[in-house]
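Inspection log for the structure reproduced underneath, given as structure tokens.
The values are calculated or read from the model by the stated rules, or taken from the named source; none is laboratory data. Given the structure is predicted, the values throughout are model-derived calculations rather than measurements. Note that we place each Cβ from the backbone using ideal geometry, even for glycine, and neighbour counts take in every protein chain shown.
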């Protein structure tokens, strides 16, 4: 028997504003692509201004221009500081708060620039042929650290790097030759260059490569919010590197330190899993970082660690917390660490002493927080916050408590004209009595006396989750605005419900997670306002795998959408890039454990395929290569199942370009409507 519990996210609000909501327009993909996307807030050292990045999609040019704004700590209308170029990002303040360093392409390539705090007197700092990004400003204000993909034989020698670039561009033979793994990653093929961290004086002189060698530093996978940091006395750089002989098979990144003047790097962590996100305490006595214990498992629990620099003693500060530690920041007096934690679809803020002890909940609620920063006196905190019905804005709150204050309102006017529905949560029991949660978004003008078609969205990862955060790629409000009841289950494997809940998917991709999803489907089908004969399901990555699995195991849905989904586990394992993933999930490669690959591969159940299916894939997806989508579409066509293939030629694992995103939403909604609304 399935038991269901349903509650409202904002019950008091709904009764008061239903009439007002009825006057608003449904939320559409067109509105979604007009939202100004706020990110990367940076509080000035004097505590007076917050600089941040705003991305505004351009459908005509199919680009997402980024500009830098500032807003005062009292709020008001933000001021745009940058105008030139299409990329102006990562604002970082000088210690005296008079200047802002940033990354810009206004000169024709990605370089570090600096401008006055009012946006005037912008000048280019770096002129590196292999470009520059990811800058940090040293606490003494004298140096910058930045990333650049250099030729290892050249390091900081820019004449050498430029010569190598020219020779590569002029070579008429376009061929790639490899003798080792991780030869491509996400959307890029590995070339001869490697990402290094370099330092430069703020006047652009004296460039030094601080991480020479054949490794990418920091590594492109398992990255934290910032995988490098400068010590408070400006003499040392801490950074993350994976030095294992075969990085495609290893998650074992460690933290190293190197003098800011250059020299030999020193390894300071020894864990078997990943260590990342180094952060020095303001007094320089500690280095905090995140750590995973199990080697080869990218979804092990992230713990918060503190290393005492004088003695090398490392303390685990959150061992008693059965949740992942996200981003974190030090209190100005170096006595406490504030960190974000995802719990049951919400991301709040907790605090722990730098020497260990009990954890304290600071902020919690139906939203997701990030980017926490304090004024130097510790009295005021800023952060970004979003929810499933509200995009990110920047907030201020007194550290002593009280109500928060929104510093930005960039999208208020746009969103005031549309209906955004608060998320609700339902809870069901799966077949083994495990409690499974799902979030629900109701369509505009919802009435319990009517019956609605349903779209189930299945998240990727598989170690991911749905919850109180805002998405531009799978926005539940867009599906609800099209007239559907939207259901977003968090089955086994989902984050935010404890590590055992996450681990339960290992080696069981189509087992317990499928049972969990079907338990949610059963409960939703029984609701009096649901039409159980008009249901669709859609998902990407692992969510696409589950769509492919559903194809061979049930005909309950009228339409399916598989985006960048895993269809054939055997060929997937041999063509993806981060090999630790299939090795962990399926206990080895296909030739090591063929029975498990056969058991859970959707490709073994093609004869059962009957549901009309839309197949979408990005040609530049190297995580789940396009061959997976082509195989699925071929199988559907041979089986005479109504199907359609959409290939995005310039997209990878996600559809990111604005015009492509608009096309994606049109195709998905049209496909669902064609089969569900019959």
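Observations on the model:
- Qualifying residue in the range 72-81 (condition: within 27 Å of the chain's Cα centre (by Cα) and assigned to a strand (DSSP E or B)): yes
- Test: residue 641 is assigned by TED's automatic domain parsing to the domain that holds residue 476 and over 26 Å from residue 475 (Cα atoms): yes
- The residue pairs whose first member lies in the range 605-620 and is closer than 23 Å to residue 185 by Cα and not assigned by TED's automatic domain parsing to the domain that holds residue 655, whose second member is modelled with pLDDT under 95 and not in a helix (DSSP H, G or I), and whose beta carbons are closer than 6 Å, counting only pairs six or more residues apart or on different chains, do not exist in this structure.
- The number of residues in the range 1-44 that are on the phi < 0 side of the Ramachandran plot, modelled with pLDDT of 95 or more and either buried (at least 16 other Cβ atoms within 10 Å of the Cβ) or part of a helix (DSSP H, G or I) (or both) comes to 17.
- Test for residue 453: is it without any contact (Cβ under 8 Å) to a residue 60 or more places away in the chain, farther than 21 Å from residue 31 by Cα and either surrounded by fewer than 24 Cβ atoms within 10 Å (Cβ to Cβ) or in the same structural domain as residue 547 (by TED's automatic domain parsing) (or both): no
- One residue alone among 290, 294, 301, 309 is outside the structural domain of residue 494 (by TED's automatic domain parsing), modelled with pLDDT of 95 or more, over 22 Å from residue 185 (Cα atoms) and touching a helix residue (DSSP H, G or I) at 6+ places or on another chain (Cβ under 6 Å), and that residue is 301.
- Those residues of the range 316-347 which are in a strand (DSSP E or B) and over 22 Å from residue 227 (Cα atoms), in sequence order: 343, 346
- Selection of the range 580-619 for residues being crowded, with 18+ Cβ neighbours inside 10 Å and assigned to a loop (DSSP other than H, G, I, E, B) yields 586, 590, 601, 609, 611, 612.
- Filter result for residue 134 (assigned to a strand (DSSP E or B) and either within 29 Å of residue 272 (Cβ to Cβ) or not assigned by TED's automatic domain parsing to the domain that holds residue 620 (or both)): yes
- Verdict on residue 577 being closer than 30 Å to residue 250 by Cα, out of contact with any helix residue (DSSP H, G or I) (no Cβ under 6 Å at 6 or more places or on another chain) and not assigned by TED's automatic domain parsing to the domain that holds residue 455: yes
- Any hit, the range 229-248, residues being within 28 Å of residue 343 (Cα to Cα), in the same structural domain as residue 139 (by TED's automatic domain parsing) and outside any strand (DSSP E or B): no
- Each residue in the range 45-59 was checked for being in contact (Cβ under 8 Å) with a residue 40 or more places away in the chain and assigned to a loop (DSSP other than H, G, I, E, B), and 6 of them qualify.
- When we screen 116, 140 for residues that are farther than 13 Å from residue 207 by Cα and not assigned by TED's automatic domain parsing to the domain that holds residue 201, the only hit is 116.
- Candidates 471, 437, 399, 427: the one that is surrounded by 15 or more Cβ atoms within 10 Å (Cβ to Cβ) and at pLDDT below 95 is 399.
- Filtered residues of the range 143-171 (kept if over 14 Å from residue 202 (Cα atoms) and either assigned to a strand (DSSP E or B) or in contact (Cβ under 8 Å) with a residue 40 or more places away in the chain (or both)): 147, 148, 149, 150, 151, 152, 155, 156, 158
- When we screen 632, 560 for residues that are surrounded by 24 or more Cβ atoms within 10 Å (Cβ to Cβ), touching a helix residue (DSSP H, G or I) at 6+ places or on another chain (Cβ under 9 Å) and in a helix (DSSP H, G or I), the only hit is 632.
- Where helices (runs of 4 or more DSSP H) sit wholly within the range 468-547, those with at least 1 residues that are closer than 30 Å to residue 415 by Cα and out of contact with any helix residue (DSSP H, G or I) (no Cβ under 9 Å at 6 or more places or on another chain) occupy 476-481, 512-525.
Per-residue answers, yes or no, for (1) out of contact with any helix residue (DSSP H, G or I) (no Cβ under 8 Å at 6 or more places or on another chain); (2) over 14 Å from residue 52 (Cβ atoms):
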residue	(1), (2)
365	yes, yes
370	yes, no
406	yes, no
411	yes, no
414	no, yes
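- Residue 174 being part of a loop (DSSP other than H, G, I, E, B) and at pLDDT below 95: yes
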